[in-house]
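Each remark here refers to the structure printed beneath this line.
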Amino acid sequence: MSLKNNKKVVIALGGNALMQKYDTGSAEEQFKQTRKSLDPLFHFIEQGYNICITHGNGPQVGLELLKNEATASEIPALPLGVLIAHTQGGVGYIVQQSMQNLLSKKGLEKEVVTFISQVKVDPNDPRLKDPTKFIGKHYNKEKASEMIEKFNWKMKEQEKGSWRRVVSSPAPQYLFNGNSIKHMMEFGTIVIAAGGGGIPAYIKENKGLRLVDGVIDKD
């Protein structure tokens, strides 16, 4: 007899569902906010759906970028793709543990798994050469020039007198390990995947996967 269940749902949690605008970003705050955000998901569990959870990571990546700046004189700054991976793991851990605890309280036995997810993009996507996605904090023009010099960032004026870093946002072609995610869902595992839209990567002939310094739009 097949154990597969064809009732599936993908649920997206925005970055602010896990960390509010005025939060400091402490672990305690993120766990508390995550527990609140997960409660409504039990409607789908009770209805017998297999679930994949994806999540935003804008506030969390913003904190990682601040850490890059603060420690740049002592520790090499990490590329954006690695920061997305860090937040996928960190946020995934918070969601995973919170969900496991909520399941336990309700007497439900289900496994919860987090995937570090890469997304294939076209290396010839014109959006890679024309960064438009604003990320990170706001700077005045003088400070923006300093950040361009220090980190080789591309920056644009988002509002009058307010400059922010811009990165590319290429179109996703497909999610690596999608079959593994699908199979785990079919057998009842709650899967957390494609956090922040996934880590953009492209395949270079004879050299395998290569990192893209950009972000995927989760929507």
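The values are calculated or read from the model by the stated rules, or taken from the named source; none is laboratory data. Since the structure is predicted, the reported quantities are computational estimates derived from the model, not experimental observations. Every residue, glycine as well, gets a Cβ built from its backbone with ideal geometry; the counts of neighbours run over all protein chains shown. Note: accessible area is taken over every heavy atom of the protein model, side chains too, but ligands, DNA and RNA are not part of it. Shrake-Rupley method; radii C 1.70, N 1.55, O 1.52, S 1.80 Å.
A full extension of the chain between Ile148 and Lys182 corresponds to an added length of 8.1 nm, given 0.36 nm per residue minus the alpha carbon distance.
Looking at the chain alone, DSSP beta bridges between its own residues are antiparallel in about 50 percent of cases. Which of the DSSP-defined H helices in the chain satisfy a minimum axial length of 18 Å, computed from C-alpha atoms, and a minimum mean Kyte-Doolittle hydropathy of -1.0? Flagged H segments are 58-71, 80-105.
In a fully extended conformation the segment linking Glu109 and Leu66 would gain 11.6 nm over its present Cα-Cα distance, using 0.36 nm per residue. Ignoring ligands, DNA and RNA, what percent of the accessible area of the chain is carbon or sulfur (1.4 Å)? The value for the chain is 50 percent carbon and sulfur by accessible area. Near Lys129: Cβ cut-off under 14 Å, other residues only, Lys/Arg at +1 and Asp/Glu at -1. The net charge is -1. The distance linking the range 68-129 with the range 130-147 is 24 Å (Cα centroid to Cα centroid, whole angstrom). Compared with the alpha-carbon gap, the fully stretched path from Glu157 to Glu46 is longer by 35.2 nm at 0.36 nm per residue.
Dipole magnitude for the chain: computed about the Cα centre from +1 point charges on Lys and Arg Cβ and -1 point charges on Asp and Glu Cβ, it is near 280 debye.
Using per-residue counts of other Cβ atoms within 10 Å, averaged over each peptide, order 66-74, 84-92, 198-206 from highest down.
Values: 66-74: 11.8, 84-92: 21.6, 198-206: 16.7.
My ranking of the peptides, most packed first, is 84-92, 198-206, 66-74.
Does the range 92-144 classify as rounded, prolate or oblate by the C-alpha gyration tensor (a ≥ b ≥ c root eigenvalues; a/c under 1.5 gives rounded; else a/b over b/c gives prolate, otherwise oblate)? Taking the square roots of the gyration eigenvalues as a ≥ b ≥ c, the range 92-144 is oblate. Under the shape rule built on the C-alpha gyration tensor, where the axes satisfy a ≥ b ≥ c, the range 85-219 is oblate, since a/c reaches at least 1.5 while a/b does not exceed b/c.
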